[in-house]
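Heads up: the structure comes next, in structure tokens.
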Amino acid sequence: MGITYIDPGEDGLACVTLTGLATRTEHAVAEERAREDVRAGRLRAILIDASEAELPPNPSISREIWEDFLGVLDARPFAYIPPQGHDSPERQAMISALLAEWGSCFRVVGSESEGRAWCLAKLAMLKGE
């Protein structure tokens with residue numbers, strides 16, 4: 001149970017894995033690590049694997065977690081392997097609204113390799129601009 005944060009490598013891609021029902025404190029610690037990596041210029045994209053996570057029982061907590069993390073990422077590419085229950089219409093509407101509000105570069109993916117490839121392709125496109 002919890003959150004594992006793997007620092008960005010040379011490619012600027014950080015990886016976060018969520019298992020079980022992570023606490024608000026665990027989310028805050030991961031957000032702070034990401035914020036530090038953003039400030040230092042190390043974090044350019046992130047892959048979040050929540051395939052083994054449990055959704056928070058309260059939708060407002062879920063919204064708060066998404067909003068806080070999107071604020072840290074500031075439109076950096078963000079690939080997401082969702083947990084079961086992710087596809088409910090209410091949750092999708094909440095996520096869509098937040099993604100639009102934050103101008104996020106986001107994609108749901110089915111595997112770590114797909115997410116890594118998508119993030120690195122987005123970074124290559126941004127570098128070429």
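The values are calculated or read from the model by the stated rules, or taken from the named source; none is laboratory data. Here the structure is a predicted model, which means the values were calculated and not measured. Note that we place each Cβ from the backbone using ideal geometry, even for glycine, and neighbour counts take in every protein chain shown. Side chains are part of the model used for accessible areas, which takes the heavy atoms of the whole protein and leaves out ligands, DNA and RNA. Shrake-Rupley method; radii C 1.70, N 1.55, O 1.52, S 1.80 Å.
Against the definition (touching a Phe, Trp or Tyr at 6+ places or on another chain (Cβ under 8 Å), over 18 Å from LEU126 (Cβ atoms) and surrounded by 15 or more Cβ atoms within 10 Å (Cβ to Cβ)), how does ARG63 come out, yes or no?
No; evaluated as a whole, the condition is false for this residue.
To keep it simple, each residue is scored yes or no on (1) in contact with a Ser or Thr (Cβ under 9 Å, 6 or more places away or on another chain); (2) not charged (D, E, K, R).
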site	(1), (2)
CYS15	yes, yes
VAL29	no, yes
GLU32	no, no
PRO56	yes, yes
HIS86	no, yes
ALA97	no, yes
ARG107	no, no
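The condition of being open to solvent by 40 Å² or more (accessible area, probe 1.4 Å), touching a Phe, Trp or Tyr at 6+ places or on another chain (Cβ under 9 Å), closer than 26 Å to ASP11 by Cβ and not acidic (Asp, Glu) holds for PHE106.
Would you check which residues across the range 77-92 are open to solvent by 30 Å² or more (accessible area, probe 1.4 Å) and modelled with pLDDT of 95 or more and list them? I'd like the intermediate steps shown before the answer.
In the first step, residues of the range 77-92 are kept if they are open to solvent by 30 Å² or more (accessible area, probe 1.4 Å); the result is 82, 84-85, 87-90, 92.
Passing the criteria: only PRO82.
Taking the criterion of being modelled with pLDDT under 95 and under 11 Å from the mean Cα position of the chain (by Cα), the only residue of the range 28-65 that qualifies is ILE65.
Note on the range 12-59: residues that are surrounded by 13 or more Cβ atoms within 10 Å (Cβ to Cβ), of a type in the set (Asp, Glu) and either out of contact with any Leu (no Cβ under 6 Å at 6 or more places or on another chain) or closer than 16 Å to ALA79 by Cα (or both) total 5.
Taken as a whole, the structure leaves GLU26 outside the set of residues that are touching a Gly at 6+ places or on another chain (Cβ under 8 Å), more than 28 Å from MET125 (Cβ to Cβ) and part of a strand (DSSP E or B).
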